[in-house]
Amino acid sequence: MNARLTRVEGYLRSDPSNIELLGMAIDLSLALGDAGRAAAHAASARERHPSNPFVEYRYGHTLIAQGKWAEAAPLFAALLEAHPHVNVAYSLADCQLREGEYAAALDTLAPFRDDPSLPPEAITLMLRAMHHLGDFEGASVLVEAHKGRMGNDVDFLAAASLLHLDNGQVEQAAALSERVLAGGQRPVEALVTSGTIALARTDTDLAIARFNEVLANNPSEGRSWSGLGTASLLRRDLPGARAQLGQAVRFMPTHIGSWHALGWCQLFESEYVAAKQSFSIALELDRNFSESHGAMAVVAAYKGERDSAKQAIERALRLDPTCLSARYAQMVMNGQTSDPERFKAIAYRFLAGRKTLSGEAVTDVVERMLRR
């Protein structure tokens, strides 16, 4: 392919305005992953053929290759209005998805959902958008509708595995992620699914391996930072956990589970002010989540603020009679964890997979928290 591009560039030196050669040069550069080279050819093409849709479409893809989705989106929107083609719609929806505009991406593709030429990538894009919007029912229907056509599409299967995980269908999630990974492919969603399930099973070695593999090439992948931090917390590596969970809340500031894990890490280090702040942020994100009220009760109980602790325990148990952190707070109130090291040992034992005082497996709690 590189040799072919070199030949095309040689022809362009003799015929620099040849639009077909310019298009080939852009396409080949993008296929080789050379965004700078593609951009140079696109600039030349736009100069020689201003407002040409053939050129503008390719220019938009050079912007995508450079991560300039906000610049590419209006270009594709204008093209789509003038030329309502499924591939243009997909390109616009791709930009919208990357910018976090999930509903807009679905709206862009809506007129083309029954188009027989709808590319497989567009189906996976719709699945991801529905997942981000919390439309698990719609996403599941989409998976069922296209599983025949997309049964060997690695990206689709990986996205479906993460959907099943977040929808509580752990067996289906595990089967899909391991199928993808066993085939030698390493898509992020399959790795995150596999790592999260390993963590819920307290297989911290596998979980850490999976999350580190994701982060090696995707350092801003918040779910992997969260999972890695939780694995370090289970291993009692508090400095590592704190740093990793700090990264998690940096990239996912609305992820309640990461704030909780960070708060427990701070609590184990007797940093009550910091722990209270982390749990308070989680509480602001969802005031009806029992574990946030229970965690606030633990902090208050450990600081000797008995009235505040009792009120928080009552709120937590009203929301969920099996609330794990409320049970911790009750133990503190009853003096069962007066020794900080004993408290830490009990908490780690629970977090490592023993049954909670309510009888619920903590692995279920961990898995549920990672989905929030």
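Annotations
- Considering only Gly36, Pro84, Ala248, and ranking their Cα positions along the charge dipole of the chain that arises from unit charges at the beta-carbon of Lys, Arg, Asp and Glu, the one farthest toward the positive end is Ala248.
- Region 69-213: proportion of alpha-carbon pairs further apart than 28 angstrom, %: 24
- Computed [θ] at 222 nm, deg cm²/dmol, the chain (DSSP H ≥ 4; -39,500 (n - 2.57); rounded to nearest 500): -23500 deg cm²/dmol
- Each principal axis of the Cα atoms in region 153-238 has its own extent, and those three values, largest first, are 39, 26, 20 angstrom.
- Sites matching trypsin sites (Lys or Arg not before Pro) across region 75-143 that sit in DSSP coil, with at most 15 neighbouring C-beta atoms within 10 Å: Arg113
- Dividing the mean sequence gap of close Cα pairs (under 8 Å, 6+ apart) by how many residues region 1-127 holds gives a relative contact order of 15 percent.
- Calculated P(r) of region 141-184 - Cα pairs past 15 Å, %: 35
- Whole-number accessible area per residue in Å² for region 58-110, which is evaluated in the context of all protein chains at 1.4 Å: 45
- Virtual spin-label span in nm between Arg179 and Lys303, 7 Å along Cα→Cβ: 5.1
- Highest-first packing order for the peptide set 152-159, 324-331 is 324-331, 152-159, based on the mean count of other beta carbon atoms within 10 Å.
- A simple charge model with +1 on the Cβ of Lys and Arg, -1 on the Cβ of Asp and Glu and nothing else charged puts the dipole of region 68-139 at about 160 debye relative to its Cα centre.
- This model, with +1 at the C-beta of Lys and Arg and -1 at the C-beta of Asp and Glu, gives region 125-215 a dipole about its Cα centre of some 160 debye.
- The calculated P(r) of region 1-140, using every Cα pair and 10 Å bins from 0, goes 12, 37, 31, 15, 4, 0 in percent.
- At an R0 of 35 angstrom, the distance between the Cβ atoms of Asp115 and Arg4 translates into a FRET efficiency of 0.65.
- When nucleic acids and ligands are ignored and a 1.4 Å probe is applied, Tyr11 ends up with an accessible area of around 130 Å².
- The chain - charge dipole about Cα centre, Lys and Arg +1 at Cβ, Asp and Glu -1, debye rounded to 20: 1120
- Full extension of the chain between Asp203 and Gln336 gives 45.0 nm of extra length, using 0.36 nm per residue less the Cα-Cα distance.
- Shown for region 1-133: the carbon plus sulfur share of the solvent-accessible area, taken with all protein chains present and a 1.4 angstrom probe, equals 51%.
- Diffusion coefficient, µm² s⁻¹, Stokes-Einstein with Kirkwood Rh over alpha-carbon pairs of the chain at 10 °C and 1.306 mPa s: 69
- Region 213-253: relative contact order in percent, alpha carbon pairs under 8 Å with at least 6 residues between: 43
- Each part gets one Cα centre, and for region 1-75 versus region 235-301 those centres are 48 Å apart.
- Order of exposure, largest accessible area first, which applies to Trp264, Trp225 with probe 1.4 Å: Trp225, Trp264
- Extended-chain gain in nm, criterion 0.36 nm per residue less alpha-carbon gap, Ile19 and Ala40: 6.1 nm
The values are calculated or read from the model by the stated rules, or taken from the named source; none is laboratory data. A quick note: this is a predicted structure, and the numbers were derived from the prediction, not measured. Neighbour counts run over all protein chains shown; Cβ positions are idealised from the backbone, glycine included. Keep in mind that these areas ignore ligands, DNA and RNA; they rest on the heavy atoms of the full protein, side chains included. Shrake-Rupley method; radii C 1.70, N 1.55, O 1.52, S 1.80 Å.
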